[in-house]
Ligand code: SF4
């Protein structure tokens, strides 16, 4: 992550927040552009709070289609979504696959698996 620029939605003013990864900061991030503490919290939560369950596609060999839809078994933190998708997009499996088969175990050590979202023969 380089830096992310997002509008604060904690109040109608809508300050432009610049969120940068900063390992020297206890939260792991620096937030600039906020006019108050709510903006700081909003910016950090935007990056670190869990996102929804991820959906993606892995490459499929020997199947009736080129890709297999997959999803994570739990939410993935927003700041890890990009890395998860890189792994998912570069993963290849061979048919047949049953719905729910684990395609990637414990992705990025997040204690979340990536499973097949459908059956392919
Ligand atoms: S940083 Fe503070 S003032 Fe600015 S939009 Fe967020 S809550 Fe409102």
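All of the numbers you see were taken from the coordinates with simple rules; none came from a lab. From a predicted model like this one, the values you see are computed outputs, not experimental measurements.
Quick notes on this structure:
- The stretch 51-116: proportion of alpha-carbon pairs further apart than 21 angstrom, %: 17
- Volume in Å³ per residue [convex hull over Cα atoms, computed for the stretch 16-88]: 105
- Percentage relative contact order, the stretch 21-121, counting C-alpha pairs under 8 Å, at least six apart: 24
- Percent of Cα pairs exceeding the 17 Å cut-off, where the set is the stretch 3-48: 20
- Summed over qualifying helices (DSSP H, 4 residues or more, each -39500 (n - 2.57)) and divided by its residue number, the chain shows a 222 nm mean residue ellipticity of -5000 deg cm²/dmol.
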